[in-house]
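Each value in this text was obtained by applying a stated rule to the coordinates, not by laboratory testing. Computed from a predicted structure; not experimentally measured. Every residue, glycine among them, receives a Cβ derived from its backbone with ideal geometry; neighbour counts consider all protein chains shown.
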Amino acid sequence: MARPPKKLVSSPGEPQPQGAGGAAFNPGLTAAATQRRSGGPSPVAAGRSTGLGLDSEGVRRSMVERLRAAGPFDARVLEAMAAVPRHLFVDAALVTQAYEDTSLPIGHGQTISKPSVVARMIGVLMDGVSARSGGHLGRVLEVGTGCGYQAALLCRLSRHVVSIERIRGLHEKARELVSPLRMNDLRLVYGDGMLGHPPNAPYDSIIAAACGADVPATWLDQLAIGGRLISPVLDAANKQRLVVIDRLESAGFQRTEYEAVQFVPLKSGAV
Ligand code: SAH
């Protein structure tokens, strides 16, 4: 069951984190990636070294420690954030801001989400019925790949991730960025995520990184029993708010509203 929402008073983009700790679960890592993480050279870092010390795990650790202090956030999500090199997903000109708690432009008028919002949303997903019993997110659908950063995090906390992007340029860029990370359980799809992705449905976890007027019925159809969906949605006052929908084991859905957020719009059609 979804937890009751906290007070709905936070300012846009400022989540009120809640979450639980727990053991690390990294099924998304290939053996090669595990080896790299434990000290081997990363081909990604080698290919795009910034010369600013951002390639070191220490920089990411300090971002995670700042998040931990501002939390609580789910410990497994923070571990994933300590491992995924966010600076490789942002433009070279913005690389010094990569480990600040801020959203950044990624081209085509879109943004990479703010780390605290990413941690918050994935943490809430980890608290769904299926995710709690399995200890991971299971089969995941992400709508709005953007640069692929969140998809890379999701891979470390799930069995399989399908991530859809409607802007071809971003889809192709994300493909290039994640390919050296060798996530063989990640499927990047170019298309309209409002339709979901029926070939891999049902999903235990669905996460949207773009805000629509409501949650498309296709996402609900593709949510597994015991599964959880999290998405920003416009409320009656036209303000964005996080909404969590759980597909109940008995029957039907339970919808819970969380805090205010700020996301790019969910748009139909692929371009
Ligand atoms: N997940 C990204 C955030 C990307 S921003 C991260 O890691 O930070 C949200 C993305 O949603 C944008 O790239 C936008 O193009 C995409 N988007 C908006 N509507 C969409 C739709 N209907 N289908 C797929 N992607 C969509």
Practice item. Quick one: in the stretch 188-201, of everything that is buried (at least 16 other Cβ atoms within 10 Å of the Cβ) and under 14 Å from His160 (Cα atoms), which residue is nearest to the chain's Cα centre (by Cα)? Key: Leu188
Review point. So which residues in the stretch 82-111 are within 12 Å of the ligand (Cβ to nearest atom), among the β-branched types (Val, Ile, Thr) and farther than 17 Å from Arg175 by Cβ?
Key: Thr102, Thr111
Point to revise | Neighbours by Cβ (under 7 Å, 6+ apart or cross-chain): first from the stretch 162-183, of a type in the set (Val, Ile, Thr); second part of a helix (DSSP H, G or I) | key: Val162/Asn200; Ile164/Gly193; Val178/Ala151; Val178/Ala152
Review point. Quick one: what pairs do we get from the stretch 246-271, first residue among the small types (Gly, Ala, Ser), second assigned to a loop (DSSP other than H, G, I, E, B) and near the ligand (Cβ under 9 Å from one of its atoms), C-beta under 6 Å, 6+ apart or different chains?
Key: Ser268/Asp192; Gly269/Asp192; Ala270/Arg166; Ala270/Gly191; Ala270/Asp192
Point to revise | Subset of the stretch 112-125 [away from the ligand (no atom under 11 Å from the Cβ) and either among the aliphatic types (A, V, I, L, M) or free of Cβ contacts under 8 Å to residues at least 60 places away in the same chain (or both)] | key: Ala119, Val124, Leu125
Check your understanding: So how many residues does the stretch 126-159 have that are more than 16 Å from the ligand (Cβ to nearest atom) and on the phi > 0 side of the Ramachandran plot?
Key -> 2
Practice item. Quick one: count up the residues across the stretch 102-124 that are of a type in the set (Ser, Thr, Tyr) and in a strand (DSSP E or B). Key: 1
